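As structure tokens, the structure follows; a few thoughts come after it.
The values are calculated or read from the model by the stated rules, or taken from the named source; none is laboratory data. Note that the coordinates shown come from a computational prediction; the quantities given were computed from them, not determined experimentally. Glycine also receives a Cβ, built like all others from the backbone with ideal geometry; neighbour counts cover every protein chain displayed. Protein only, heavy atoms only, side chains kept; ligands, DNA and RNA dropped before computing areas. Shrake-Rupley method; radii C 1.70, N 1.55, O 1.52, S 1.80 Å.
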Amino acid sequence: MLNSIVQFFTRTFQDIGRGLGLAVAFVLRPFVQLGSWFTNRGAILKVLLGVFLIGLIGLYGYFFWTTQAWHGFDPGYARAYEHKVEAATTPKAPGGGIITADEEAEEKADAAVQTCRRSLLVDATADLIDFNVNQNAWISSMLLYKLGLFGLDWDKTPYFDNKASFQRGVNQAIRRTTIELVDTLGRVRGTSQIDADLQTARGSLQFDESTWYFGWSPFGPKTPTPSFYRSAIKDLNKFNDRLEKCGAVFDARADNLLQFVDRIASDIGATSAILRERSENYNGGWFDTRADDRFWFAYGQLYAYYGLLTAARADFADVIEERRLTALWDELEEQLRASLNIRPFIISNGAESGWLMPSHLATLGFYVLRVRSNLVEVRLVLDR
């Protein structure tokens, strides 16, 4: 009896081994045939094919490294803007002492000559674009990203799409901000002429996110996406240089801040709906191949808005103080910073009541809603 059982399992494992061997042979057969064909070719063709294969391997190596290396990524990056906010909003005497009559007169004279300063919000916007396309390669328009995995869109796989989704989330917040800069913040009560530099920057940032050097529709060479985004940095800096010399307008009124906050709340509200829809209807746990790009897109938005709203605090310092929004704004920044602590190695979209696989989408969605709730509170105070 025991021998029969042993023989049964022996035959079973032998059959499994033969099956695996046949499967491996089937997979490797095209490569074996290709190798055999290659050895029978001439020297020139071998060299050309060898150069092509080495180039292809190098290209894929660069692509894999680029998608995994996140240069300049720092969830606490907005601390740099916090220091600038303090410098912009805290009156200080020269040298840290008591302001004398002569020093006061000198300050008044300087103020008469120069009463303008750069917009920290515009600086933060330019910094985020620089982070996306200069400190890092813009993934979405890379050739190998566009080609996908054997023709399958990388976003539909669990591989090599996290950084691209994060960058697109950051870019979404940047686009939203430049729209508000053009429509309201960079004009006097929205009725004056649109600022040319801001308008050009907005147009550049609205450009398609996945354009490479060549395309089919329309057919021919093209200017790639990163080039447009880099030009937007120059236009934003030109605007800020003129603003510093009183040659441009940044209209830091309460109603403009209200609209800016309201548009951001709507923006992340739409993202919250996307997270909820994926979380409720697809409970694939670690096997949901679309959960990661949803997660990192939302994370990118929160990452960008953390810096943008921290920077906006300096530009709207008088409004925030006058409307007694300091405590609410502190809470808003704290919630944004707390949301950036969620960085799981593998994104899981498990059931919210599940005990084995976590629901990272639901967790991040909770923070998105908290941030949106803070924005709504700020809006209500500004609307009084």
Subset tally (residues that are among the charged types (D, E, K, R), part of a helix (DSSP H, G or I) and open to solvent by 90 Å² or more (accessible area, probe 1.4 Å)) for segment 332-369: 1
Qualifying positions in segment 135-158 - farther than 19 Å from residue 304 by Cα, of a type in the set (Gly, Ala, Ser) and open to solvent by 20 Å² or more (accessible area, probe 1.4 Å): 151
Which listed residue is open to solvent by 50 Å² or more (accessible area, probe 1.4 Å), over 28 Å from residue 316 (Cβ atoms) and either β-branched (Val, Ile, Thr) or touching a helix residue (DSSP H, G or I) at 6+ places or on another chain (Cβ under 9 Å) (or both), from 216, 212: 212
Any pair with Cβ under 6 angstrom, 6 or more apart, that starts in segment 142-157 at a residue that is closer than 22 Å to residue 284 by Cβ and ends at one that is modelled with pLDDT of 80 or more and among the aromatic types (Phe, Trp, Tyr): 154/145; 154/160
Residue list for segment 249-291, filter: within 20 Å of residue 318 (Cβ to Cβ) and either of a type in the set (Asp, Glu) or free of Cβ contacts under 8 Å to residues at least 40 places away in the same chain (or both): 251, 255, 262
Filter pass, residue 161 being open to solvent by 10 Å² or more (accessible area, probe 1.4 Å), in contact (Cβ under 8 Å) with a residue 40 or more places away in the chain and under 16 Å from residue 294 (Cβ atoms): no
Selection within segment 180-189 - open to solvent by less than 40 Å² (accessible area, probe 1.4 Å) and without any contact (Cβ under 8 Å) to a residue 40 or more places away in the chain: 182
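Given the criteria open to solvent by 30 Å² or more (accessible area, probe 1.4 Å), out of contact with any Cys (no Cβ under 7 Å at 6 or more places or on another chain) and assigned to a helix (DSSP H, G or I), does residue 376 qualify? Give the derivation first.
Numbers: open to solvent by 30 Å² or more (accessible area, probe 1.4 Å): yes; out of contact with any Cys (no Cβ under 7 Å at 6 or more places or on another chain): yes; assigned to a helix (DSSP H, G or I): yes.
Judged against the criteria, residue 376 is a match.
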Tally of residues being assigned to a helix (DSSP H, G or I), aromatic (Phe, Trp, Tyr) and within 21 Å of residue 138 (Cβ to Cβ) across segment 211-261: 2
Filtered residues of segment 303-328 (kept if surrounded by fewer than 22 Cβ atoms within 10 Å (Cβ to Cβ) and not in a loop (DSSP other than H, G, I, E, B)): 317, 318, 319, 321, 322, 326, 327, 328
Qualifying residue in segment 199-207 (condition: open to solvent by 40 Å² or more (accessible area, probe 1.4 Å), part of a loop (DSSP other than H, G, I, E, B) and out of contact with any Cys (no Cβ under 8 Å at 6 or more places or on another chain)): yes
